[in-house]
Each structure stands twice: as structure tokens, then as C-alpha cells.
1. From the list E39, E88, E75, pick out the single residue that is over 20 Å from the mean Cα position of the chain (by Cα), assigned to a helix (DSSP H, G or I) and among the acidic types (D, E).
2. Going through K26, K42 one at a time, which residue ends up being at pLDDT 95 or above and either surrounded by fewer than 12 Cβ atoms within 10 Å (Cβ to Cβ) or closer than 30 Å to E75 by Cβ (or both)?
3. Spot the failing condition for R59; the list is (1) assigned to a loop (DSSP other than H, G, I, E, B); (2) at pLDDT 95 or above; (3) not aliphatic (A, V, I, L, M), and only one is missed.
4. With (1) surrounded by 10 or more Cβ atoms within 10 Å (Cβ to Cβ); (2) at pLDDT below 95 as the list, and I18 as the residue in question, which single condition is left unmet?
Amino acid sequence: MGKNGSDNGQQPIEGEVIPSTPTPKKQIRLSSIRDCRRELSKVYADARHGSVDPQDATRLTYIIVAISSMIKDHELEERVKKLEEQNEKSGTKNRRP
């Protein structure tokens, strides 16, 4: 044993504290309305149980709702585009007399 009772006799190193390696955060998928609904339910549950501050939950909810609205708009845009393409192919354009 060393002088101070330690087995290896090493002195502690003084200086800057090096933070531990952060654990990778789970990737959250918000690519569908279902994904947004699932994440919104998690945010709600976390806020109810106190693991997320209500103000943070409100902000996250706003963002998730905005993303889901954009997804919905994109899906509607794609559906309209397909309908217009089908309408052009069939030759039944809306013509005024």
C-alpha cells in the first residue's frame, strides 16, 4: 500500500472535469399522423406524471401539432395532384359551355 492507504499509490489529478460520454438519444419519428399522435400521447403522459415541465410540454405540443398539420396538408396536396392527373388522362376536364 502507498502512503495514504491506497493500493496503487496514485495521486488524484486536479483540473478540468471531463463530462461523461452522453448516451445517444432515441430518434423520434414524426413522419406520419400516427407518429405525431403517439409522440403527443407521450408528451401528455410525461406532463401528467411530472417528468416534463408543463410549459415545455405546451411548447412540444405546439411543434408536434404544426408538424402533423404539415403532413396532413402534404397528403391532401398529393391526393389532389393524383386526381388532377387522372382527370387529365381521362379527358374529362371541367370545361365551361
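The values are calculated or read from the model by the stated rules, or taken from the named source; none is laboratory data. Because the structure is predicted, anything quoted here is derived from the model rather than measured. As a convention, Cβ positions derive from the backbone with ideal geometry for all residues, glycine included, and neighbour counts pool all protein chains shown.
1. Details: E39 fails: over 20 Å from the mean Cα position of the chain (by Cα); E75 fails: over 20 Å from the mean Cα position of the chain (by Cα).
Only one candidate qualifies: E88.
2. Working: K26 fails: at pLDDT 95 or above.
None of the others qualify; the one that does is K42.
3. All conditions are met except number (1).
4. (1)
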